[in-house]
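Remarks on the structure that follows.
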Amino acid sequence: MKTKLLIIIVLTMFLISCKKERSHEYWDSEYGDKAVGYLAFELYWDEYDDILSPIDGVRITASGADGFLKNYDFASPEDAADALQQIPEGTYDLLVTVDMAEKDGYIVTQSATEKGGNNLPATTAALKDPSSSPHQSWYGIVTATVKDGEITIARFQLKRLLSMISITITGVPDGATITAEASKVAQYVELTTPKISAESVDDVQLGSLSGGGIQKIENRTLMPTALGNDRTIITLYATYNGVTLTSTVDAPKMESGRYYVMEIAYNGLSPYIYVSGTDINDWQQNWTADGEILNPDE
């Protein structure tokens, strides 16, 4: 059923673009005496939940070897699919960013001089506030060759940008409070490589919980673990009866687009906790506490 829905959505976008082929096949060149063709854009999500996410902004950057550079902005994926773009014939590298607007907490920087791992200008995405936990965003890169008078479909396979984590603490006593923060978090992701930055941010706030029984910090988004780190650090501060216990959780690195789930018993909190990861699917990993290592540096 999931696969059928994906096919229907993609096919609908393609048919919308084909309508433009009939209505704009012969419009006058916007580039003087240069031979021109046409680009139609198609966005493709891997996950059902991503397809259903509300989208309020799409930007597509097209870059050609002759110095051509142009940004196309659309309000939605439907608008992007419904817009046929005239462009000089040639081969183009294209970058799409979806829901990375500044108003949503993102900073996207496009270099005027540096190139990425293709013909595109080096483009990075960061969070204005590393602790803000904005909604997920997506990006993709494709190469398209446009021929004189023809329509080329540029089909983007979208990747999630952010990591996501949920933390469950069981057996929390009434009146206890727990806050969580992450360290070794990347400052940015270079979309055109793609490459995660080695520069990192510490003290990224993941949220807090209080009360009794089972308490959760759910679906917090953040940048992935900075390049060069095989592990990430989650710090838990548990306060009860005026006493605070600091637990350093040594966990697997977080990757872009993946969802991490950790469950720990309150009475199992200790100064140092080593966590191993078990893949559930391409997107999700469970983190399991393997017990305290009293001398982790030995």
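Since every read-out is calculated from the coordinates, none of them should be taken as a lab result. Being a predicted model, the structure only gives us computed values, none of them experimental. Heads up, the Cβs are rebuilt from the backbone with ideal geometry, glycines too, and the neighbour counts pull from every protein chain shown.
Sorted from fewest to most neighbouring beta carbons within 10 Å, what does the list Leu39, Leu245, Leu161 look like? Walk me through the intermediate numbers first.
Working: Leu39 21, Leu245 15, Leu161 25.
Listed from fewest to most nearby Cβ atoms, that is Leu245, Leu39, Leu161.
On a C-alpha basis, how far is the centre of the range 167-229 from the centre of the range 55-98 in Å? Whole number, if you could? Measuring centre to centre over Cα atoms gives 34 Å.
Computed with the Debye formula from one identical point scatterer per Cα of the range 163-289, without solvent, the log10 of I(q)/I(0) at q = 0.10, 0.14 Å⁻¹ comes to -0.30, -0.58.
This ranking places Leu269, Leu120 by how few other beta-carbon atoms lie within 10 Å of each, fewest first, which gives Leu269, Leu120.
Taking the Cα centre of the chain as reference, the dipole from Cβ charges on Lys and Arg (+1) and Asp and Glu (-1) amounts to some 260 debye. Annotation for Gln86 and Thr177: the two label points, set 7 Å from Cα along the Cα-Cβ direction, are 6.3 nm apart. So what is log10(I(q)/I(0)) for the range 80-221 at q = 0.09, 0.11, 0.14 1/Å, when the Debye sum runs over its Cα atoms only? Log10 I(q)/I(0), no solvent term: -0.41, -0.56, -0.77.
About its Cα centre, the range 163-289 has a charge dipole of approximately 40 debye under the convention of +1 per Lys or Arg Cβ and -1 per Asp or Glu Cβ, with nothing else charged.
Taking only the Cα atoms of the chain, how large is their convex hull per residue, in Å³? Mind showing how you got there, number by number?
On the way: hull volume 42.0 nm³, N = 298.
Per-residue hull volume (Cα only) is 141 Å³.
Per-residue Karplus couplings for the range 158-165, computed as 6.51 cos²θ - 1.76 cosθ + 1.60 with θ equal to phi - 60°, are listed in order as 7, 10, 6, 8, 8, 7, 9, 9 Hz, Gly and Pro entered as x. Think of the chain as a dipole: +1 on every Lys or Arg Cβ, -1 on every Asp or Glu Cβ, centred on the Cα centre; then among Gly171, Ile280, Ala62, Ile280 lies furthest on the positive end. Residue by residue, the range 208-215 carries 3J(HN,Hα) couplings of 9, 9, 7, x, x, x, 8, 10 Hz when phi is fed to the Karplus relation 6.51 cos²θ - 1.76 cosθ + 1.60 (θ = phi - 60°); x denotes Gly or Pro. Rounded to the nearest Hz, the phi-derived 3J(HN,Hα) couplings of the range 139-148 under the Karplus curve 6.51 cos²θ - 1.76 cosθ + 1.60 (θ = phi - 60°) are 8, x, 10, 8, 10, 9, 10, 9, 10, 3, where x marks glycine and proline. Counting other Cβ atoms within 10 Å as a rough exposure proxy, the listed residues Glu78, Glu42, Glu199 run Glu199, Glu78, Glu42 from fewest neighbours to most.
In this structure, the pairs whose alpha-carbon distance is over 28 Å, taken from Lys184/Lys216; Lys128/Lys216; Lys103/Lys195; Lys103/Lys147; Lys103/Lys159, are Lys103/Lys147.
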